[in-house]
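The values are calculated or read from the model by the stated rules, or taken from the named source; none is laboratory data. Remember, it's a predicted structure, so these values are computed and weren't measured experimentally. Don't worry about glycine lacking a Cβ; one is built from the backbone with ideal geometry, like all the others, and counts go over all protein chains shown.
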Amino acid sequence: MNISVCICTYNQALYIEQAIRSVLCQTYLPVEVIVSDDCSTDETPMILEKLSAEISVLKVVYQPENVGIARNTDQCLRLASGDFIIRLDSDDYLAPDYTEKLMHLLVKHPGAGYAHAAIQEVDQDGTFLKQRKLFRKSGFQSGTEALRAAVKGYRVAANILMFRKEALMQANYLLGRPNFGEDYHLTTNISALGFGNVYLNETLAFYRVWVDPKKVRQRRKIQEISGIRRVFDDIIEPAYIDRGWCLDEVKISKTDFACRHADCLGWDVYNAAEKRELAVELYNLSSSVRVKAFVWLYSQGFSYGVDLYFKLLRFPKVLLKDLFHIIRRKSGNAMVYSANE
């Protein structure tokens, strides 16, 4: 089986070489590494030119103008020739056995449209932070199960995935997807097409978590809310209607998303006019009475009380997840002890 790795980049001169070299250190090497640079203004192009002269499997594409993450990723993925295609962001990197282990899972489960694993968070200096593991066992999840799970959110540890090319082709890659949440949109589309996915509860990749002193991510909140709405409008609701499933859980989930994201109305990065635009986008996602109440509470400065409410709601789920991982680790140790006896 041939594997392609697609890396889309924009102004990641500090990390792009580490991402590329992590691919070249794999126990199962890819046939090609395709990097698409979206008009970087830092030293990224010079680094890519240097690496291109050294690495025969490296192919670099330079966008003539900045096209945004969705179009850049779409065009990069379409260039890949492998049976399996890894999407890797240019500030992340892979453990040496990532390609081998996930490739074997996709071969074993031909109904899986993509494979994914647990990840290790790292900061801007490479210091390890927390591990991200899903609240599920290793193994295959059907397309039906994945579609229902997607109603609650993007169900991967991080956006570092190995796709089956056939699944990407049927989903038409990232054509027309939003710039924020395009990954969630794509995987949900793949599930709606009937493909399952396979998860490995081992840490096989490293995901960069950024400090954001300029609050750039906060400024993109309206794009984030719009991206979530697009997942429901474009994929989830039509899929539920097509299958004759009840839409009640979809409506509840849209309301939950809108309530959680209403906290942006209490942020000082937005002026009054921008907050009105955000409120409109929240209502586009869900105009329920509960959403209107949360919009009013956050707008009136009651952020602390509402945040405390959400923390109390999440506490049982966090506790159960921690217990789940503790029990799984102890079960794994017991198996090791038994094998050594």
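Select from the stretch 108-152 the residues that are β-branched (Val, Ile, Thr) and assigned to a strand (DSSP E or B) and write down the one among them that is nearest to the chain's Cα centre (by Cα).
Ile119
Tell me whether the stretch 174-195 contains one or more residues that are part of a strand (DSSP E or B) and under 24 Å from Leu79 (Cα atoms).
No, that holds for no residue.
Can you find, within the stretch 153-171, the residue that is farthest from Gly181 (Cα to Cα) among those that are in a helix (DSSP H, G or I) and touching a strand residue (DSSP E or B) at 6+ places or on another chain (Cβ under 6 Å)?
Narrowing the stretch 153-171 to residues in a helix (DSSP H, G or I): 165-170.
After this cut, where a residue has to be touching a strand residue (DSSP E or B) at 6+ places or on another chain (Cβ under 6 Å) as well, the list is 165, 167.
On the way: Lys165: 20, Ala167: 18 Å.
My answer is Lys165.
For the stretch 25-53, name all the residues that are among the aliphatic types (A, V, I, L, M), farther than 26 Å from Pro110 by Cα and buried (at least 16 other Cβ atoms within 10 Å of the Cβ).
Val35, Ile47, Leu48, Leu51
May I ask you to list the residues in the stretch 63-107 that are acidic (Asp, Glu) and assigned to a loop (DSSP other than H, G, I, E, B)?
Correct list: Glu65, Asp83, Asp91, Asp92, Asp97.
Output the number of the condition that Asp242 fails; it satisfies all remaining conditions of (1) part of a helix (DSSP H, G or I); (2) surrounded by 15 or more Cβ atoms within 10 Å (Cβ to Cβ).
Failed condition: (2).
Please name all residue pairs, on different chains or six or more residues apart, with Cβ atoms under 7 Å, provided the first residue is in the stretch 53-80 and is under 11 Å from Val5 (Cα atoms) and without any contact (Cβ under 8 Å) to a residue 60 or more places away in the chain and the second residue is part of a loop (DSSP other than H, G, I, E, B) and of a type outside the set (Asp, Glu).
Val57/Pro30; Val57/Val31
Looking at the stretch 182-234 only, could you name the residues that are touching a residue at least 60 places away in the same chain (Cβ under 8 Å), hydroxyl-bearing (Ser, Thr, Tyr) and closer than 29 Å to Cys264 by Cβ?
Residues satisfying the conditions are Thr187, Ser191, Tyr207.
From the list Thr127, Thr187, which residue is under 22 Å from Cys25 (Cβ atoms) and β-branched (Val, Ile, Thr)?
Working: Thr187 fails: under 22 Å from Cys25 (Cβ atoms).
Every option except Thr127 fails the conditions.
Give the stretch 95-140 a look and list any residue that's closer than 14 Å to Ala157 by Cα, of a type in the set (A, V, I, L, M, F, W, C) and surrounded by 15 or more Cβ atoms within 10 Å (Cβ to Cβ), or say none.
Once the filter is applied, which keeps residues that are closer than 14 Å to Ala157 by Cα, of a type in the set (A, V, I, L, M, F, W, C) and surrounded by 15 or more Cβ atoms within 10 Å (Cβ to Cβ), the stretch 95-140 yields Ala115, Ala117, Ala118, Ile119, Val122, Leu134.
Test of understanding: among Leu106, Leu102, which residue is touching a His at 6+ places or on another chain (Cβ under 9 Å) and not small (Gly, Ala, Ser)?
That would be Leu102, the only listed residue that is touching a His at 6+ places or on another chain (Cβ under 9 Å) and not small (Gly, Ala, Ser).
So, in the stretch 249-308, of the ones that are farther than 22 Å from Gly227 by Cβ and not in a helix (DSSP H, G or I), which residue ends up modelled with the highest pLDDT?
Asn271
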